[in-house]
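One structure is given below, encoded as structure tokens.
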Amino acid sequence: MAATSVFVSGATGYIAQHVILQLIAKGYKVVGTVRSTEKGEDLKKKLKSDNFTYEIVKDIGVEGAFDEALKAHPEVTVFLHTASPFHFNVTDPEKDLLIPAVEGTKNALSAIATYGPQIKKVVVTSSYAAIGHHDVDAVASNTFTEDSWNEITWERSKGNALDGYYGSKTFAEKAAWDFVKEKKPNFTLSTVNPVYVFGPQAFASDATGTLNTSAEVINSILKLKSDDEVPSSAAAFIDVRDVAEAHLVAFENKDVEGQRLLLSSGRFTGQDILDIVNENFSKYVKGRIPTGVPGSGAEKIKTLATIDNSKTRKIIGHDFIGLKKTVVDTIQQVLDTNGSI
Ligand code: NAP
């Protein structure tokens, strides 16, 4: 039997590259979309696999963006839609985040319905951002599950980059579920909703300079000076290798059809990351970065909402990678790649 072919939008992304590595390791063929030939060739070189090919999709937000790529690949039966803008460097949140995310998702699904009738499974990479806003995540009495939705409005989403990102993921995921409900296409939909994704880059050569938005939360700790404030971040994390695996589970496991996987390993604070870096890389950072009040992160975590993803954990069937390993692996890779941190 021919190997199953999986289409991955946004193939050059931090998460997508791990997804592709895991797909290839399991014997799948992969067709990725990238924005340019240069990016496609670079990824092909890194993957060193004949089971990876690419198509150019310059901008997912343009109507018909995926039509030609899908027409060219009638062998594809699974579509993983990971592409979406994830950065806060925007001047107009509606134009730069909301519209590409929502239209990109609609364009992907319409192309599948029209030009990929053989596609049976679609997985959309959504986010915890579509589940809870940080306002309500910061209330200890709240609980968020696979059934929760961020109640952010389009109007509020236009206000700033962070709200723009929350809105982009919420409205893009809603658009995907609405599409399935209204059009009753040939495919089933599942979503993967990760919290902050940490962990090493798929390819060590990328662990240099400024990293992707979420891994940079860890990397930026190395750029602090001893008298800088401890970063006030207090959120939840999941390792990128667990996120990648969940994308495979989302189409391989029939129980995930029509479901959302809420991926969270646990909570973290800026202090917790500092503690791990100071403890495990003291030779390099001692006295150079702040120490704060070691161990005090736990108190702050008590003020946050509960994330109850027991349904997802049962489906995945093993523990998620913990904070120490995800932080140490991220920093160790930066150290190995650059020779210093
Ligand atoms: P990333 O490294 O920035 O990857 C995003 C990918 O999407 C890149 O390949 C990017 O291409 C592509 N892309 C963005 N806008 C595009 C557009 N308008 N047209 C075509 N391609 C476009 O981010 P990531 O962390 O891997 O995120 C991947 C997905 O996971 C996103 O849907 C994100 O919202 C979601 N997510 C991420 C996290 C996290 O903490 N990392 C958490 C929850 C959900 P270029 O690089 O060429 O621009």
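The values are calculated or read from the model by the stated rules, or taken from the named source; none is laboratory data. Since the model is a prediction, treat every value here as computed from it, not as a measurement. With ideal geometry, Cβ positions are generated from the backbone for all residues, glycine too; neighbour counts draw on all protein chains shown.
Summary table
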| read-out | value |
| --- | --- |
| Residues of the stretch 106-127 that turn out to be within 17 Å of V6 (Cα to Cα) and within 16 Å of the ligand (Cβ to nearest atom), as a count | 7 |
| Residue check, L211 within 21 Å of T303 (Cα to Cα) and of a type outside the set (G, A, S) | no |
| Qualifying residue in the stretch 166-175 (condition: closer than 29 Å to T91 by Cα, of a type in the set (A, V, I, L, M, F, W, C), surrounded by 24 or more Cβ atoms within 10 Å (Cβ to Cβ) and in contact (Cβ under 8 Å) with a residue 12 or more places away in the chain) | yes |
| Total residues in the stretch 95-108, condition touching a residue at least 24 places away in the same chain (Cβ under 8 Å) and more than 19 Å from the chain's Cα centre (by Cα) | 1 |
| Residue in the stretch 235-268 that is nearest to N150 (Cα to Cα), counting only those that are assigned to a loop (DSSP other than H, G, I, E, B) and more than 16 Å from the ligand (Cβ to nearest atom) | Q259 |
| Which listed residue, of F281, F268, is surrounded by 21 or more Cβ atoms within 10 Å (Cβ to Cβ) and either modelled with pLDDT of 95 or more or among the aromatic types (F, W, Y) (or both) | F268 |
| Test: residue in the stretch 223-231 that is within 16 Å of the ligand (Cβ to nearest atom), surrounded by fewer than 24 Cβ atoms within 10 Å (Cβ to Cβ) and within 13 Å of the chain's Cα centre (by Cα) | no |
| So D206, is it out of contact with any helix residue (DSSP H, G or I) (no Cβ under 6 Å at 6 or more places or on another chain) and more than 15 Å from the ligand (Cβ to nearest atom) | no |
| Test: residue in the stretch 46-54 that is β-branched (V, I, T) and either buried (at least 18 other Cβ atoms within 10 Å of the Cβ) or modelled with pLDDT under 95 (or both) | no |
| Residues located in the stretch 247-267, provided they are touching a residue at least 60 places away in the same chain (Cβ under 8 Å) and farther than 20 Å from S5 by Cβ | D255, G258, Q259, R260, L261, L262, L263, S264, S265 |
| Residue in the stretch 310-327 that is surrounded by fewer than 16 Cβ atoms within 10 Å (Cβ to Cβ) and touching a Ser or Thr at 6+ places or on another chain (Cβ under 6 Å) present | no |
| Extreme residue, surrounded by the most Cβ atoms within 10 Å (Cβ to Cβ), among residues of the stretch 56-87 that are within 10 Å of the ligand (Cβ to nearest atom) and among the small types (G, A, S) | A83 |
| Criterion (within 22 Å of the chain's Cα centre (by Cα), in a helix (DSSP H, G or I) and modelled with pLDDT of 95 or more) met by exactly one of V136, V122 | V136 |
| L80, sole failed condition from (1) within 24 Å of F198 (Cα to Cα); (2) in a strand (DSSP E or B); (3) more than 19 Å from the chain's Cα centre (by Cα) | (3) |
